[in-house]
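One structure below.
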Amino acid sequence: GNRLIFLPYYHIENTFLVPEAIFRIQQKLGVAKQYTVEQIKDMLTEFAKQQINRCISMYVTSEIRFKAGNFDTSTDIRIEPSTPTENIATGIIEKKNLRLKEYSSNFSDAFIQERVAYWKQKLADSLSSGWSEDARKLFYGKALLNQLQQKIFGAKRVSIWEHIINDDDPSCVETIKELRQIIDGI
């Protein structure tokens, strides 16, 4: 019903993980140690590799949570004012047991192991040739952006995303184009 919006990224911050735009911001701010676009890509790749296991865990946990939906234990019995409370309790317990049985088969050990293996491969593939568009979408963007800010700007309090949004350089404008489309679509 158009009530949910699925972003093409793990976090909205992932939209700012574009090495060319980050390179532009460090140049504009006159950082003492300047990194090349390739060095920024390498940093992003290295930071992403460090969080592969964390991302695997988050993705598989989220899949289970999403697939499980609402753990509904509403009883199927007709409830009238005269319905004995024992019948209500029994109805809820039966529904709970049915749901747990369904979830046990839906989320078997084999299912979880398969999903862990799937995400491990997908995340590794996204980094197989360095920083990629797939990696930009899949990894934990808030942490990556924070690590980059610390590495490039040190103790200087700089918000990369804020500078990218406010810069008219073509690399920055292109970086936020998709973000603007997402926001306009809401």
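Can you say whether residue 54 is part of a helix (DSSP H, G or I), exposed (fewer than 15 other Cβ atoms within 10 Å of the Cβ) and in contact (Cβ under 8 Å) with a residue 12 or more places away in the chain, as far as the supplied structure shows? It is true that residue 54 is part of a helix (DSSP H, G or I), exposed (fewer than 15 other Cβ atoms within 10 Å of the Cβ) and in contact (Cβ under 8 Å) with a residue 12 or more places away in the chain. For the condition modelled with pLDDT under 90 and either surrounded by fewer than 14 Cβ atoms within 10 Å (Cβ to Cβ) or not in a helix (DSSP H, G or I) (or both), residue 117 does not qualify. Quick one: would you say residue 59 is open to solvent by less than 70 Å² (accessible area, probe 1.4 Å) and assigned to a helix (DSSP H, G or I)? So residue 59 passes the test. Of everything in segment 3-59 that is at pLDDT below 90, among the hydrophobic types (A, V, I, L, M, F, W, C) and over 23 Å from residue 163 (Cα atoms), the residue that is nearest to the chain's Cα centre (by Cα) is 58.
Filtering segment 146-169 down to residues that are of a type in the set (Lys, Arg) and modelled with pLDDT under 90, which residue is surrounded by the most Cβ atoms within 10 Å (Cβ to Cβ)? Among residues in segment 146-169 that are of a type in the set (Lys, Arg) and modelled with pLDDT under 90, the one surrounded by the most Cβ atoms within 10 Å (Cβ to Cβ) is 156.
Name the residue that is surrounded by the fewest Cβ atoms within 10 Å (Cβ to Cβ), counting only residues in segment 1-51 that are part of a helix (DSSP H, G or I) and among the basic types (Lys, Arg). The qualifying residue surrounded by the fewest Cβ atoms within 10 Å (Cβ to Cβ) is 28.
The values are calculated or read from the model by the stated rules, or taken from the named source; none is laboratory data. In this text the structure is predicted, and so the values were computed from the model without any measurement. Don't worry about glycine lacking a Cβ; one is built from the backbone with ideal geometry, like all the others, and counts go over all protein chains shown. Please note that ligands, DNA and RNA were not included when accessible areas were found on the heavy atoms of the full protein model with its side chains. Shrake-Rupley method; radii C 1.70, N 1.55, O 1.52, S 1.80 Å.
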